[in-house]
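Written below as structure tokens is the structure these notes are about.
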Amino acid sequence: MSTDEGDFLRRWSRRKREAALKTPVEKAVETNPGDLPSIDSLTFDSDFSAFLRANVEESVKRAALKKLLHDPRFNVMDGLDTYIDDYTLNEGIPEEMLKTLEHARSTLFPPQAEGAAPEETAKAEASEAKTETDEKDGDPRQDA
């Protein structure tokens with residue numbers, strides 16, 4: 001770094017002022033609203049690039065893009081919209097399924113005896129399961 005340019009901030013400020021004095025080519029070409037085609041005459045195949053330049057008024061830009069995007073070709077479902085259905089409508093559970101659920105509940109969770117405590121029932125079921133597995137294994141000496 002040379003010392004004649006000064007420190008970083010002075011050099012940056014000087015370069016910023018020089019860049020502001022230069023006019024870019026795009027800013028030199030001014031677009032008059034008369035040079036743009038009428039928005040009503042635009043079709044899908046029209047060239048919209050003139051409306052997208054930086055010096056075109058924002059409302060004119062929006063009107064041209066609105067005209068382009070109202071074409072029916074932009075209103076096609078692509079099949080990727082998987083969540084467009086109304087999932088708030090509930091059909092309810094069919095009667096056959098309710099019967100199978102009730103059967104599964106009674107099979108998987110049998111009703112407890114009225115006099116037995118839940119802890120005792122759980123211990124009894126655990127001991128029954130252990131004796132069933134011991135009987136299935138065959139030789140209990142191999143398990144030890």
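The values are calculated or read from the model by the stated rules, or taken from the named source; none is laboratory data. Bear in mind the structure is a predicted one, so any value in this text is a computation, not a measurement. Because the Cβ atoms are built from the backbone with ideal geometry, glycine has one as well, and the counts that use them run over all protein chains shown.
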Notebook entry, point to check: Of the residues in segment 75-98, how many are modelled with pLDDT of 85 or more and either surrounded by 10 or more Cβ atoms within 10 Å (Cβ to Cβ) or aromatic (F, W, Y) (or both)?
Noted result: 1
Next item on the list: Scan segment 57-110 for residues that are under 30 Å from D47 (Cβ atoms) and aromatic (F, W, Y) and jot them down.
Entry: F74
Next item on the list: For residues that are surrounded by 10 or more Cβ atoms within 10 Å (Cβ to Cβ) and assigned to a loop (DSSP other than H, G, I, E, B), tally how many sit in segment 49-74.
Entry: 6
Checklist line | Candidates S2, S38, S46, filtered to the one that is surrounded by 10 or more Cβ atoms within 10 Å (Cβ to Cβ) and modelled with pLDDT under 90 | finding: S46
Check: When the residues of segment 5-28 are filtered to those that are surrounded by 10 or more Cβ atoms within 10 Å (Cβ to Cβ) and more than 30 Å from N55 (Cβ to Cβ), which remaining residue is modelled with the lowest pLDDT?
Finding: E5
